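Taking it in order: structure first as structure tokens, then the write-up.
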Amino acid sequence: MRVVLLGPPGAGKGTQAIRIADKLSLPKVSSGDLFRNHQENDTDLGRLAHSYMARGSLVPDGITIKMVMEWINTQNNSKTFLLDGFPRTLLQAEALDKELNFDGGLDLVLYIKVEEKELIQRLEGRLICKKCQTPFHIHTDPPSKSGICNKCDGALYQRDDDKPSAVKQRLQVYANQTEPLIAHYRKSGKLEEINGQRSVSIVENEIISILTQSK
Ligand code: AP5
Ligand code: MG
């Protein structure tokens, strides 16, 4: 299975990607996590990406495509993977289609749909683990010990781009540059729309059921 999780900032892509990858033993990657790992390691790419991410803009396509393609090519014949947050421009989608073309392309694009008011509440209360990047929420999904990740004991922090001004910009960028992908994938018959307003476990069960039926 080659699957993409598509949806606005705060839709629950990262939350679901971790759960689904664990349950179905799918290799997964988040382009945002790759950039944040580079920032943590203070690489040139990390410093460059930070200048775009902190203000809520997209990192340029060429850099992003190269980074994600390198990850895909480290997977076994690129046969199975779950992508969280890539592609998010038409150019990225075309690059991915081209890369996978030899083998039938993507199998499924899961579009997680959530209303804007709910997205803002989720992002403004989100905490992320510095070590494993698992997301929590101060009200709806607090960690068992304050400031500490349940999974790996890493320290939790608030992302720079979860501050209100960057959230506003990310939602705008999503509407302008990423939303057109919904029509692109709908046209190819690969899009499944999921109501992401429901609880984490209900959304997870629906995704697992879609993935196991289409295997
Ligand atoms: P990225 O890290 O991908 O951020 P994003 O797309 O803005 O998405 P988020 O991580 O904010 O949201 P999510 O859908 O993962 O939600 P989560 O599960 O955490 O990208 C960051 C930046 O990197 C971009 O702005 C850009 O600069 C750059 N970048 C990355 N990819 C790029 C690309 N392809 N091209 C160019 N630039 C790129 O959940 C959010 C909160 O909600 C959490 O607190 C969680 O606990 C809670 N929650 C989750 N599900 C539910 C639920 N069902 N009910 C209630 N609460 C829930
Ligand atoms: Mg995420």
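The values are calculated or read from the model by the stated rules, or taken from the named source; none is laboratory data. Every value quoted in this text rests on a predicted model; they were computed, and no experiment measured them. Cβ coordinates were reconstructed from backbone atoms using ideal geometry, including for glycine residues, and neighbour counts include every protein chain displayed. The accessibility values were calculated without ligands, DNA or RNA, using every heavy atom of the protein model including side chains. Shrake-Rupley method; radii C 1.70, N 1.55, O 1.52, S 1.80 Å.
Over 21 Å from I18 (Cβ atoms), in contact with a helix residue (DSSP H, G or I) (Cβ under 9 Å, 6 or more places away or on another chain) and part of a helix (DSSP H, G or I), is that true of K168? Steps first, please.
Working: over 21 Å from I18 (Cβ atoms): yes; in contact with a helix residue (DSSP H, G or I) (Cβ under 9 Å, 6 or more places away or on another chain): yes; part of a helix (DSSP H, G or I): yes.
So K168 fits the description; yes.
How many of the residues in the range 10-37 are closer than 23 Å to F136 by Cβ and either open to solvent by 40 Å² or more (accessible area, probe 1.4 Å) or not small (G, A, S) (or both)?
Initial filter on the range 10-37 (closer than 23 Å to F136 by Cβ): 10-24, 26, 28-37.
Then keep just the ones that are either open to solvent by 40 Å² or more (accessible area, probe 1.4 Å) or not small (G, A, S) (or both); that gives 13, 15-16, 18-20, 22-24, 26, 28-29, 33-37.
Result for the range 10-37: 17.
For the range 81-119, name all the residues that are open to solvent by 50 Å² or more (accessible area, probe 1.4 Å) and either closer than 23 Å to G196 by Cβ or in contact with a strand residue (DSSP E or B) (Cβ under 9 Å, 6 or more places away or on another chain) (or both).
Kept after step one, since they are open to solvent by 50 Å² or more (accessible area, probe 1.4 Å), are these residues of the range 81-119: 88, 90-91, 94, 97-99, 101-104, 107, 113, 115-118.
R88, L90, D103, G104, D107, K113, E115, E116, K117, E118, listed by residue number.
Here are some residues: S30, S51, S25. Which one is hydroxyl-bearing (S, T, Y) and near ligand 1 (Cβ under 6 Å from one of its atoms)?
Numbers: S51 fails: near ligand 1 (Cβ under 6 Å from one of its atoms); S25 fails: near ligand 1 (Cβ under 6 Å from one of its atoms).
So the residue among S30, S51, S25 that is hydroxyl-bearing (S, T, Y) and near ligand 1 (Cβ under 6 Å from one of its atoms) is S30.
So which residues in the range 58-80 are within 16 Å of ligand 2 (Cβ to nearest atom) and touching a residue at least 60 places away in the same chain (Cβ under 8 Å), if there are any at all?
Listed by number, the list holds a single entry, L58.
Residue-wise test of (1) in contact (Cβ under 8 Å) with a residue 24 or more places away in the chain; (2) in contact with a helix residue (DSSP H, G or I) (Cβ under 7 Å, 6 or more places away or on another chain).
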{"position": "K117", "(1), (2)": "no, no"}
{"position": "H137", "(1), (2)": "no, yes"}
{"position": "P143", "(1), (2)": "no, no"}
{"position": "C152", "(1), (2)": "no, no"}
{"position": "L156", "(1), (2)": "yes, no"}
{"position": "Y174", "(1), (2)": "yes, no"}
{"position": "H184", "(1), (2)": "yes, yes"}
{"position": "E193", "(1), (2)": "yes, no"}
{"position": "S199", "(1), (2)": "no, no"}
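Among the helices (runs of 4 or more DSSP H) contained in the range 40-121, which hold 2 or more residues that are more than 17 Å from the chain's Cα centre (by Cα) and among the aliphatic types (A, V, I, L, M)?
Fully inside the range 40-121 and qualifying: 44-53, 90-100.
Quick check on my filter: what residues within the range 121-163 are within 12 Å of ligand 1 (Cβ to nearest atom) and among the aliphatic types (A, V, I, L, M)?
Passing the criteria: L123, L127, I128, I138, L156.
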